[in-house]
Amino acid sequence: MAKINQNYLELPGNYLFSEIARRIQAYKNEHPAADIIRLGIGDVTRPLVPEVISGLQRGVAEMGDARTFKGYGPEQGYQFLSEKIIEHEFRPRGVELDPDEIFISDGAKCDTGNIQEIFGLDNIVAVTDPVYPVYVDSNVMAGRAGKLGGDGRYEKIVYLPCTEANGLKPELPGTKVDLIYLCFPNNPTGMTLTKEELKPWVDYARAHQAIILYDAAYESYIQEADIPHSIYEVEGAKEVAIEFRSYSKTAGFTGTRCAFTVVPKTVLAYDADGNGHSLNRFWLRRQTTKFNGVSYPIQAGAAAIYSEAGRSQIREVIRYYMTNAALIRQGLQASGFTIYGGVNAPYIWLKTPGSLTSWQFFDKLLHEVQVVGTPGAGFGPSGEGFFRLTAFGSRENTERAMERIQKLKF
Ligand code: MLT
């Protein structure tokens, strides 16, 4: 008799964004003509920029010529891309890395979900609350979370609440934890940490031999000068942090798939005898076993964003989305909502009005004005009473959504 992985029984029925898609579909079945505006899942809507298209086309043409054809590539990614990443993303910020500390992959969702595999099951995991659900769900699947309590928290996970009381910025764990997931600019709250605010986390990790799993998928949306784009800008972070980046939001690759993870060779975790092991070697071992790399044309397309024209083209797209973010902020403020985020991130985190729960607000928006957002409760217990809108829609839909929300009666 085949046995199921019992840990899966501890998961919520559906992944958050699948549940939202299910509810939208149910509404559409009843109202086939409804003109629904989707500002829920953070999926981009602008096309790939011309430089990326040329890069992809060059890559495809090479695959069609026997002289330049490529079979399996390096599992860790092509060096032409990792060298560009170092040159453009890190060196200008004073961070030196070796190409073999960069792992090109097909997404930060996969990497942030898979990274826990290289850590023992007895590690104590800390997450901010609200949180991108992948960090929690992947640890539940592995058996690191324990049972789900009636309060919406897993018994073995340490939750670091981000509430209005602490300015939506997590406080250091009061107990000893081993793995800390941080995401800045934050999904879902859109908040950021300065270097000074990030430093105590690095110090905590160094003092406790803990590891920070730092998701910086939204770093290209940072507008303010004093916000770090990489955790490695903080002194000592190269000893304790793994960083996840993505081309999904930076360059419109949600459907194309390309990302990278930085695992410095100096980041160690310990075996039962207390001997330190380089996580770089373990992640390489994991990836070479389970992953055959991102396709060559896609990596060629990603590398194209680092040309002068490519950089300016993707900056333009980011400006487009951040103008949407400003419109959402203004629209919501004009309607009297309390809002956060949307300044250095493409997400706006708003307080649901009155005593509406976040799912009640979701239903109200969908049924009364046909606008879709993401209920805060889907990101964790501290997300209750909040709601997330994304700036990734088209300009027209963003403006129409704001007009509709302004007409809502509470
Ligand atoms: C989100 O809406 O939170 C993101 O789009 C999810 C993701 O990037 O996987």
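The values are calculated or read from the model by the stated rules, or taken from the named source; none is laboratory data. Small disclaimer: the values here were computed from a predicted structure and weren't measured. Cβ: placed from backbone, ideal geometry, glycine included. Neighbour counts: every protein chain shown.
Structure data summary
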{"quantity": "Answer from A325, A300 - the residue that is of a type in the set (A, V, I, L, M), assigned to a helix (DSSP H, G or I) and in contact with a Pro (Cβ under 8 Å, 6 or more places away or on another chain)", "calculated": "A325"}
{"quantity": "Which listed residue, of Y154, Y181, Y159, is touching a Gly at 6+ places or on another chain (Cβ under 6 Å) and within 17 Å of G383 (Cα to Cα)", "calculated": "Y154"}
{"quantity": "Long-range neighbours under 9 Å by Cβ, at least six apart or interchain, first residue in a helix (DSSP H, G or I) within segment 28-47, second away from the ligand (no atom under 16 Å from the Cβ)", "calculated": "K28/A34; K28/I36"}
{"quantity": "Residue selected from segment 55-79 under the condition loosely packed, with under 12 Cβ neighbours inside 10 Å and hydrophobic (A, V, I, L, M, F, W, C), by the criterion farthest from the chain's Cα centre (by Cα)", "calculated": "A66"}
{"quantity": "Qualifying position, being out of contact with any His (no Cβ under 6 Å at 6 or more places or on another chain), surrounded by fewer than 20 Cβ atoms within 10 Å (Cβ to Cβ) and in a loop (DSSP other than H, G, I, E, B), among D100, D122", "calculated": "D122"}
{"quantity": "Residue under evaluation A377, criteria (1) assigned to a helix (DSSP H, G or I); (2) away from the ligand (no atom under 16 Å from the Cβ); (3) touching a residue at least 60 places away in the same chain (Cβ under 8 Å); (4) within 24 Å of Q25 (Cβ to Cβ), criterion not met", "calculated": "(2)"}
{"quantity": "Segment 73-95 residues that are farther than 13 Å from R245 by Cβ, paired with ones that are assigned to a helix (DSSP H, G or I) and hydroxyl-bearing (S, T, Y) (beta carbon under 6 Å, 6 or more apart)", "calculated": "G73/Y296; E75/T288"}
{"quantity": "Of all residues making up segment 1-27, the number that are in a loop (DSSP other than H, G, I, E, B), in contact with a helix residue (DSSP H, G or I) (Cβ under 7 Å, 6 or more places away or on another chain) and hydrophobic (A, V, I, L, M, F, W, C)", "calculated": "1"}
{"quantity": "Residue list for segment 11-29, restricted to those being modelled with pLDDT of 90 or more and either in contact with a Gly (Cβ under 7 Å, 6 or more places away or on another chain) or surrounded by 15 or more Cβ atoms within 10 Å (Cβ to Cβ) (or both)", "calculated": "L11, I20, A21, R23, I24, Y27"}
{"quantity": "Test: Q299 is touching a residue at least 12 places away in the same chain (Cβ under 8 Å), touching a helix residue (DSSP H, G or I) at 6+ places or on another chain (Cβ under 9 Å) and within 19 Å of F119 (Cα to Cα)", "calculated": "no"}
{"quantity": "Whichever residue in segment 234-275 is part of a strand (DSSP E or B) and of a type in the set (A, V, I, L, M) and, among such residues, is surrounded by the fewest Cβ atoms within 10 Å (Cβ to Cβ)", "calculated": "L268"}
{"quantity": "All positions within segment 386-410 that are within 16 Å of N187 (Cα to Cα) and touching a helix residue (DSSP H, G or I) at 6+ places or on another chain (Cβ under 8 Å)", "calculated": "F386, F387, R388, L389, A391, F392"}
{"quantity": "Complete set of residues in segment 214-233 that are in a loop (DSSP other than H, G, I, E, B), within 18 Å of V202 (Cα to Cα) and modelled with pLDDT of 95 or more", "calculated": "A216, I227, P228, H229, S230"}
{"quantity": "Matching option when the condition is within 16 Å of the ligand (Cβ to nearest atom), among the polar types (S, T, N, Q) and out of contact with any helix residue (DSSP H, G or I) (no Cβ under 8 Å at 6 or more places or on another chain), among T175, T112, T194, T189", "calculated": "T189"}
{"quantity": "Filter result for I157 (under 25 Å from V95 (Cα atoms), more than 16 Å from the ligand (Cβ to nearest atom) and either in contact with a helix residue (DSSP H, G or I) (Cβ under 9 Å, 6 or more places away or on another chain) or not polar (S, T, N, Q) (or both))", "calculated": "no"}
{"quantity": "Criterion violated by G40 - all others in (1) away from the ligand (no atom under 16 Å from the Cβ); (2) out of contact with any Phe, Trp or Tyr (no Cβ under 6 Å at 6 or more places or on another chain) satisfied", "calculated": "(1)"}
{"quantity": "Subset tally (residues that are assigned to a loop (DSSP other than H, G, I, E, B), closer than 23 Å to G341 by Cβ and more than 16 Å from the ligand (Cβ to nearest atom)) for segment 125-154", "calculated": "1"}
